[in-house]
Amino acid sequence: MKPTEELIHEHEVILHVVSAAANEAQRIRGGQAARAALIAMMLDFFRNFTDACHHAKEEKHLFPALEKRGLAHDSGPLAVMLAEHREGRRLLARIAGLLPTATQGEKATDQAIGEDLSSYVQLLENHIAKENNILFPL
């Protein structure tokens, strides 16, 4: 399997968890309580697999290879994708910070988690679509 094929396969795995996160965000935004244990497992996956493993590969290997092919690091698609990685980390940290209060039945906290989770889902879906467009010809 080529490295780019591995990244695309990882995107498929990530999108399975993204789908579950989208469902949870929709439940919360519909007025249901946040399921803290489920969200904690999702955060663990997003932090340890999506970010620490997958995004780390992109930043260490893929993006430098794309720079060698002429893509600028500080502008264009690479700069956007790096900014998306940072934004994803920010959203995950925010959700993690809110999660302990979610177990106390705070509706405002649940809604904030639902909004941030929904934002993270959108961010990852868009991010993966962009990357797949770049990776497909490689």
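The values are calculated or read from the model by the stated rules, or taken from the named source; none is laboratory data. These numbers come from a predicted model, not from an experiment. Virtual Cβ from ideal backbone geometry, glycine too; neighbours counted across all protein chains shown. Please note that ligands, DNA and RNA were not included when accessible areas were found on the heavy atoms of the full protein model with its side chains. Shrake-Rupley method; radii C 1.70, N 1.55, O 1.52, S 1.80 Å.
Quick notes
- Under 14 Å from a label point set 7 Å out along the Cα-to-Cβ vector of Thr103, the amide N atoms of region 5-41 belong to 34-41.
- Cα-only radius of gyration and Dmax that characterise the chain, units Å: 16.0, 51
- Report summary: the helix-based calculation at 222 nm, which adds -39500 (n - 2.57) for every DSSP H run with n ≥ 4 and divides by the residues of the chain, gives -24500 deg cm²/dmol.
- Within the accessible area of region 1-126 (1.4 Å probe), percent carbon and sulfur: 54
- Each principal axis of the Cα cloud of region 47-123 was evaluated for its coordinate range; sorted largest first, these ranges are 51, 22, 15 Å.
- Cα-based Lys pair tally, the chain, threshold under 28 Å, eight or more apart or on separate chains: 9
- Arg69, Arg35, ranked by accessible area, largest first (probe 1.4 Å): Arg69, Arg35
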